[in-house]
Amino acid sequence: MSFSPRVFLSPFLGIALALAACDSGPDQSSQANSAGHSAPTASTGKANQQVLEQRPFDNHSDFANARRGLIAQDPELMTEHLGGGEVWNMPDYDFVDAEGENAPASVNPSLWRQAALNNIHGLFKVTEGLYQIRGYDLANMSIIETDTGWILVDPLTARETASKAFLFAREHLGEKPVRAIIFTHSHIDHFGGVRGVLQHLSDAEQANLRIIAPAGFEDEATSENIIAGPAMTRRAMFMYGKRLRRDDRGHVGTGLGKGPAFGTFGFAAPTDVISETGTELIVDGVPLVFQMVSGSEAPSEFTFYLPERKAFCGAELVSRNLHNLYTLRGAKVRNARIWSGYIDEARRRFAEAEVYFASHHWPLWGRDNIQDFLVKQRDTYKFIHDQSVRMMNQGATPREIAENLQLPAALNEEFHNQGYYGTVSHNAKAVYQSYLGWFTANPSELNPLPEAESAKRYVAMMGGADKILDQARQDFEAASDMSATEGRDTYRWLGELLNHLVFADPDNNEAKALLADVYDQLGYQAESAPWRDFYLTGAYELRHGSPEEGIKPAMMREVLLHTPVSLFFDSMAVRLNADDAEGEAMTIKITFTDLQESYLLTLQNSVLHNRLTDADTPADATLMLTRPMFVDLLVGNAGLKELLFSDDIRFEGSKLDLLGFFSMLDKPEGRFNVVTP
Ligand SMILES: [Zn+2]
């Protein structure tokens, strides 16, 4: 391991910043920045300082790999939203130093390093005939040269960012026809930008274009966010720090990349669906071998291998961080046992690989390096699975498992196993959840009072809000001078305690302010970007309230146009307001004039059913419209009343029944409270 003067520089700066925080004296609030985020305390400084000894910061190979093969870079990389404003702004992240060594006391140095790595953007040559565009969006777009053109892999999240990335590649690599697009998996950061590429292709190119995707892609890609969408997108605002500023007391990245591009999402249906491991495809002279890994990181996913170039595309099966078994924005739990098994299969099947590249982060070169990486990723997921289950079978609760589970030294010494995105802690809870669910078998959890109710009783029993607040303030002040571990545990406890106070009385501004200060410290210490963003967004919302607006469902319009129609009705059923529907009974027929399909919706017992039916099935009211109009109705682009009076729509039966029916459906705004009741 070579000597590097930088190793000495960074702890020094870290100490200097921690001391600066100590100098501030007890009045932290006077140091709040303009968004209200308080200064890091001395014990937060100490905790972050300790991280420098816990991780192998003298290993710079990731930086060398992340920069290797740079062809071109746009230092002013910014992308405008089609509807105005910005989708992407890399210069916003220039506050992170290039080598990721000068972490301020308000950022965990390990996360800071990852943020610096994810700041390295541009067009890169990975190997002969293989390129990547990184840092134009949360994910990477890869380019494979074929006999006469290109295969594009994973065209980013948004039309805007994908278009920018594609044009940048053309500018520096020359204009080649696109022969195929590969979607490695069903998450939107890998297909949502497809229109941004298609818009630049000639009609002939589009007509002959192959779109290659794993089996189940179309259903999974268009349905993941339908049923629970409003809750997931609201929670995603926390997970990705959407409301936070990009600075040293705000969002520094997501661990997986910078941030998701909240632009214009699109979709294109696959022409080639891969369903079996070992499937070989030759695309414009280039052989590809696929491995199905559905049910690991995504419900529909494959990896693939380019035998001629000895290059393995790991999709998102593996990445340069620990991934999520449970993703905090809310999603179904993923299966760690199967996931680990797929990594082992990839390692053996593509054992000749000399280059690894993927949907996120930077590539890796050298057969031994790749094997070592795959073995350690494989073992990390399996370790978390097996040891969590072991403790679970001894009776440990999720909290206990999360507190005690630590990776063995050989796995923990790797940066790529660190919890920049998923964490060992919340992944251990996910393993428990996947087998045993929410209940720990302790009967006190069977039927407790709802949060605000029990909070009021805690507060009363503990002597009232003022007494609790006094004690909490003293503990908060004292925590600053504690050891890193004691300080952090005090912040964790105060977070729980003050949350009771806020839930007992959401108008208690002093309690909210102190809880926000506590969340700031927990955020500053977090190695995981989503943890940081959850804590700091929590602090932000305690100070500034919930957002005025949720994320608009109209963003998803084009994806929804490809959603199976019956799912729309399932998503309507979960919006039925049961109180309004009490005692109501009716049948509504929806006829899609473009699809020539009719669905009968039946409302009874405050439940809404749907089934495909004949066009002449009788109903109390019938609505005849096209699928795009129906989608506009669902996403709020068009109101029912205006549609009923337009010429594009026909109806039969009772107009009042129709209006009455639609008025019983909630219109979730996606801006509900999280840190207050
Ligand atoms: Zn992704």
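Among the listed pairs Lys376/Lys429; Lys242/Lys512; Lys456/Lys512; Lys125/Lys310; Lys46/Lys382; Lys310/Lys376, a Cα-Cα separation exceeding 23 Å is found for Lys46/Lys382.
Helices meeting the span-like rule in the chain (full DSSP H runs, Cα extent of at least 27 Å along the helix axis, mean Kyte-Doolittle score of -1.0 or higher): 484-504. Taken as Cα centroids, region 301-348 and region 493-509 sit 40 Å apart, rounded to the nearest whole angstrom.
Length gain on complete extension for the stretch Ser566 to Asn33, per 0.36 nm per residue less the alpha carbon to alpha carbon distance? The partial results should precede the final answer.
Numbers: separation 533, 0.36 × 533 = 191.88 nm, distance 4.91 nm.
Gain in length upon complete extension: 187.0 nm.
Apply the a/c threshold of 1.5 to the C-alpha gyration tensor of region 143-260 and tell me whether it is rounded, prolate or oblate. Here region 143-260 falls in the oblate category. What GluC sites (Glu not before Pro) does region 375-481 have in DSSP loop regions with at most 16 other beta carbons within 10 Å? Of the GluC sites (Glu not before Pro), the ones in loops of region 375-481 whose Cβ has at most 16 other Cβ atoms within 10 Å are Glu413.
Full-extension gain between Asp92 and Arg367, please, as 0.36 nm times their residue separation minus the C-alpha to C-alpha distance. Could the numbers behind the result be given before it?
On the way: separation 275, 0.36 × 275 = 99.00 nm, distance 3.65 nm.
Working it through step by step, the gained length comes to 95.4 nm.
Size check on region 40-125: the Cα extents along the three principal axes, sorted descending, read 45, 32, 14 Å. The share of C-alpha pairs in region 490-555 whose separation exceeds 14 Å stands at 59 percent.
Taking only alpha carbon atoms, region 535-622 gives an Rg to Rh ratio of 1.15, where Rh is the Kirkwood radius. With a ≥ b ≥ c taken as the square roots of the eigenvalues of the C-alpha gyration tensor of region 402-518, please select rounded if a/c is under 1.5 and otherwise prolate if a/b is larger than b/c or oblate if it is not? Judged from the Cα gyration tensor, region 402-518 comes out oblate (a/c at least 1.5, b/c at or above a/b). The protection proxy used here, the mean number of other Cβ atoms lying within 10 Å of each residue, ranks peptides 662-672, 292-302, 539-549 as follows, highest first: 292-302, 539-549, 662-672.
Placing a pseudo-label 7 Å from each Cα along the Cα-to-Cβ vector at Gln604 and Glu403 gives an inter-label distance of 5.3 nm. Among the trypsin sites (Lys or Arg not before Pro) found in region 287-364, those both in a DSSP coil and sparsely packed, with 16 or fewer other Cβ atoms within 10 Å of their Cβ, are Lys310, Lys332. The amide H of Val286, built 1.01 Å from its N in the peptide plane, has Asp147 as neighbours under 5 Å, considering only residues 5 or more places off or on other chains. Dimensions of the chain from C-alpha coordinates, computed as largest minus smallest value along each principal axis and given longest first, are 77, 69, 51 Å.
Placing R0 at 30 angstrom, the Cβ-Cβ distance between Glu582 and Glu669 gives a FRET efficiency of 0.80 after rounding to 0.05. Straight-distance candidates among the aspartates and glutamates for linking to Lys332, with alpha-carbon spacing under 19 Å and chain neighbours fewer than 8 residues away dropped: Asp189, Glu218, Asp219, Glu220, Glu224, Glu297, Glu301, Glu316, Asp570. Fully extending the segment from Ala351 to Glu548, taken as 0.36 nm per residue of separation minus the present Cα-Cα distance, adds 65.7 nm.
A short reminder: the numbers here are calculations on the coordinates, not readings from a lab. Please read all numbers here as calculations on a predicted model, not as lab measurements. FYI the Cβ positions are ideal-geometry reconstructions off the backbone, even for glycines, and counts take in every protein chain you see.
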